[in-house]
Amino acid sequence: MIKTRANAPRPANTPAGAASIPRISPALAPDRTALILIDFQNEWFHPEGAYARTGFDISHMTRTVEPTVRLVDFCHDHDIPVICLTYVCRGRIDGGPVFDKRPALRDDGGKGLREGTFGVKVIPELPLSAEKYGDWFIERKRMSGFYQTGLEQLLRDLGRDTVLITGVATGSCCESTARDANFRNFNAVMVHDCLGTIGGTTLHPITKEEHHVTAEEMHFASLRNCQMIVCDVLSSQECMAELRDAKDGEPA
């Protein structure tokens, strides 16, 4: 079993400060920011969803609901657009290779994310409404929220150049969306307490030996990679404090 090290030893020939990656996004501003919700669907969060049905521990994902609700409420109160992305397919044909990779999605497994099913519905805990709050909803068929969707055009129409990324799973759909945001010159922030994932038994990438990886290991592997080369990583509290400070500092 792989163990995560909190602080790996610094090689002797590494200059002090060489691993300190500066923040790449500017200070958050309500009039330039949008909140992205990725795959807050029953398939991942509900005990009868495909992941729980196929034996996965969903607790690392469900822990994100409470802070995400607070962040959604904050964005509604501060006129920050909320965009909800969902993954909806008929199966392997339009869902792609990931539907072969994951037992929860396979035809001979959980058959998750099938259009018209309970599993693709957005979890009711999130206070979302196009009519009441002006929230946006986009369906997609690949991991990235930008791939063959209207997300990029919507963000540009809204005049937003910064996205707060929340949802599941940290290292797949969420990191894919952060990378694509980077490719399109959007500032991306991974909101770490509003991101969740799963662990499980897999194969070691080099030796191909079977081993178990925890959800936390998967989560932090992605966050470290994002912090180092892709985007910034902040907590929901840090995001709200920064956005609140910017709002308070506006001229009367």
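Here, each number is a calculation from the coordinates, and none is a lab measurement. Predicted model, so just to flag it, every value in this text is computed and none were measured. With ideal geometry, Cβ positions are generated from the backbone for all residues, glycine too; neighbour counts draw on all protein chains shown.
Three semi-axes describe the equivalent ellipsoid of the stretch 83-199; taken as square roots of 5 times the Cα gyration tensor eigenvalues and ordered largest first, they are 24, 17, 14 Å. Charge dipole of the stretch 81-216 (Cα centre as origin; +1 on each Lys and Arg Cβ, -1 on each Asp and Glu Cβ, all else neutral): 340 debye, rounded to the nearest 20.
Evaluated with a Cβ-only charge set (Lys, Arg +1; Asp, Glu -1), the chain carries a dipole of roughly 820 debye about its Cα centre, given to the nearest 20.
Asp193 sits among other residues whose Cβ lies under 11 Å from its own Cβ, and their net charge, with Lys and Arg +1 and Asp and Glu -1, is 0. With each label modelled as a point 7 angstrom along the Cα→C-beta vector, the Asp107-Phe137 pair spans 2.9 nm. With a cut-off of 16 Å, note down the residues of the stretch 127-154 whose backbone N falls inside the zone around a label point 7 Å from the Cα of Arg90 toward its beta carbon. Output list for this probe position: 140-142.
If you take every DSSP beta bridge fully contained in the stretch 74-228, what fraction is antiparallel? Give it as a percent rounded to 5. Beta bridges within the stretch 74-228, antiparallel portion: roughly 25 percent.
Simple spin-label estimate for Glu125 and Leu203 gives 3.5 nm between the two label positions (7 Å along the Cα-to-Cβ direction from each Cα). Each Cα pair under 8 Å and six or more residues apart adds its sequence gap; the mean of these over the residue count of the stretch 33-248 is a relative contact order of 23 percent. FRET efficiency for the Gln153 to Ser59 pair, using the beta carbon distance and R₀ = 30 Å, is estimated at 0.25. For the chain, set up a Gaussian network in which alpha carbons nearer than 10 Å are linked by springs, and say which option among Tyr87, Tyr51, Tyr147 fluctuates the most. Result: Tyr147 has the largest fluctuation of those listed. Estimated from helices alone, the mean residue ellipticity of the chain at 222 nm is -8000 deg cm²/dmol (sum of -39500 (n - 2.57) over DSSP H runs with n ≥ 4, per residue). The separation of the stretch 79-130 from the stretch 136-209, counted between C-alpha centres, amounts to 14 Å.
Within the same chain, lysines fewer than 8 places from Lys208 are excluded, and of the rest, those with a Cα less than 18 Å from its Cα are Lys3, Lys101. Mind checking which aspartates and glutamates have their C-alpha under 13 Å from Lys121, skipping anything on the same chain fewer than 8 residues away? Lys121 reaches Asp39, Glu43, Glu48, Glu139.
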